[in-house]
1. Run the simple label-point estimate for Asp23 and Leu262 please: 7 Å along Cα→C-beta, distance reported in nm.
2. By a straight-distance test (C-alpha under 30 Å), which lysines pair with Lys33 as possible cross-link partners, with residues fewer than eight away in the same chain excluded?
3. Rounded to the nearest 0.05, what FRET efficiency is calculated for Thr309 and Trp225 with R0 set to 35 Å and r the Cβ-Cβ distance?
4. How big is the stretch 269-326 by Rg and Dmax over its Cα atoms, in Å?
5. Where Lys and Arg each count +1 and Asp and Glu each count -1, what net charge lies around Tyr166 among other residues with Cβ under 13 Å from its Cβ?
6. I want to check the label-to-label distance for Leu323 and His157. Put each point 7 Å from Cα in the C-beta direction and report it in nm to one decimal.
7. Please name which of Trp225, Gly202, Ala239 has its Cα lying farthest along the dipole of the stretch 200-319 towards the positive end, using unit charges on Cβ (Lys, Arg +1; Asp, Glu -1) and the Cα centre as origin.
8. Could you list the residues of the stretch 148-163 with an amide nitrogen less than 18 Å from a label point located 7 Å from the Cα of Asn36 in the Cα-to-C-beta direction?
Amino acid sequence: SVIGSGFAASSTFKCQYDTLTVDATRVNSGEVKCGNFFNLTAESTVGVRLSTDGGASWLTGTFNFIVYTAPTLVMSPASGPVTGGTELTLESQARTSLYFAAFVAVSATKCRFIKSSSTEVIATGSVNVPYQLGCKVPALASGVYTVNLTLNGVDWHTVATTFLAYPVPNISSASPRAGPGALTRDAAQRTMVTMNGAGFAGGIDSALLRCRFGWTMLGGVVAGWNNTLLACTVPDNLAVGEYVIHLSLNSVDYSATSITFLSYSRSSVNTLSPIAAPVSGGTMLTMAGSFTSGYSAMCKFLMTPAVYTPATVSSSATQLTCLSPP
C-alpha cells in the first residue's frame, strides 16, 4: 500500500516496481494498493513509484520495496509457561539473504500464535542477527499453538514446529533441604534433592527438565521423574549459602519457588571419643572436627541394616555428639 493524501476517485492509478508497471487500486483518499509484482527477482530491493494518470507521469518520490523469499524457519524452544515471556528464536534454515534487518525500522516483524479460529495472539518480533528473529511469547492459555511469522505485517509464514504452552510447575516440598556443595568425583556422594509438587510432566520432553540453585548453578534432573515427583543432584562447587531452587521444563524458562537449599562445607571428623561402647547402646559419643549447625544432624552407624541417631552440633560447629544405638 502507498499511503498519502488527495488520491481522487476519478484517477487511474498505476504502480511501478523499477521498470515493471502494474495496476493499482484506490482504497480511499489516503491509500492506494499496488498490484502483484510477479517476475521480480527474489532477494532484491526495488524502487516503487505511483502514477495517478495511468502511467503517463509519475508522482515525485520513490520508495524502496524489498522482495524476499518466504523463509523456512527453525524455532527454539518449542514450549514455554502459560505466563509468557519465553524468548523464541526463529532462524532461517537456508540462511539466504532474507533482509531481516531491513524490517527493524518499520517494526513490521510479528509472531502470531493460533490455537483455533477463535484464539489468535500477536506479539512483536525483533531481529537478533541477519538470519535470526526473536519473539517474546505473550501470556497464553495452556495448549498447542501453530506459530506464524510476518516480516511485513501483511504476509504470514507458518513455522513447521508447533509451540506448547504449559502450566507453571509448582514445587511444594523438597528433601533434604541442606547438603555439602564441595566438589566430589563420586556421583554417589552428591546430594540428591527429591521434590514433590505438580506439573512436572507438562513439558514436551523430559530431557529438557532442569533444576537451578540460585541464579547460576545448574543441577541435573536424574531420577524419579513424573508429574508430581522429580529428583535433582546438587551441582558441584556450590558455594556455602542458601539458594532458592528454580525449575525449568524447557531448559530456558525457570520458575522460582519458595523452596530453599542450604549448601554447607563438607563435614570432617578429626577425633572420636570413646572409640568403644557397650552393645546395650546409650553411650554419648563426641566427635571433634568441622561441622555445620542449624540443620538436623545425624550419626550413621554402618550396621546391617544401617542405624541413624540424632546428633547435636555445638555452637562453635567444632563438636558433634550423638548416642550409640543398641
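1. The modelled label-to-label distance comes out at 8.1 nm.
2. Qualifying lysines at Cα under 30 Å: Lys14, Lys110.
3. The formula returns an efficiency of 0.60 here.
4. Values for the stretch 269-326 (Cα only, Rg and Dmax): 11.3, 33 Å.
5. Result for the local shell: -2.
6. It is 7.5 nm.
7. After comparing all options, I get Ala239.
8. 154-157, by backbone N distance to the label point.
Computed from the coordinates by the stated procedures, all read-outs in this text should not be read as laboratory data. Since we're looking at a predicted model, the values are computed, not measured. Methodologically, a virtual Cβ is constructed for each residue, glycine included, from the backbone with ideal geometry; neighbour enumeration extends over all protein chains shown.
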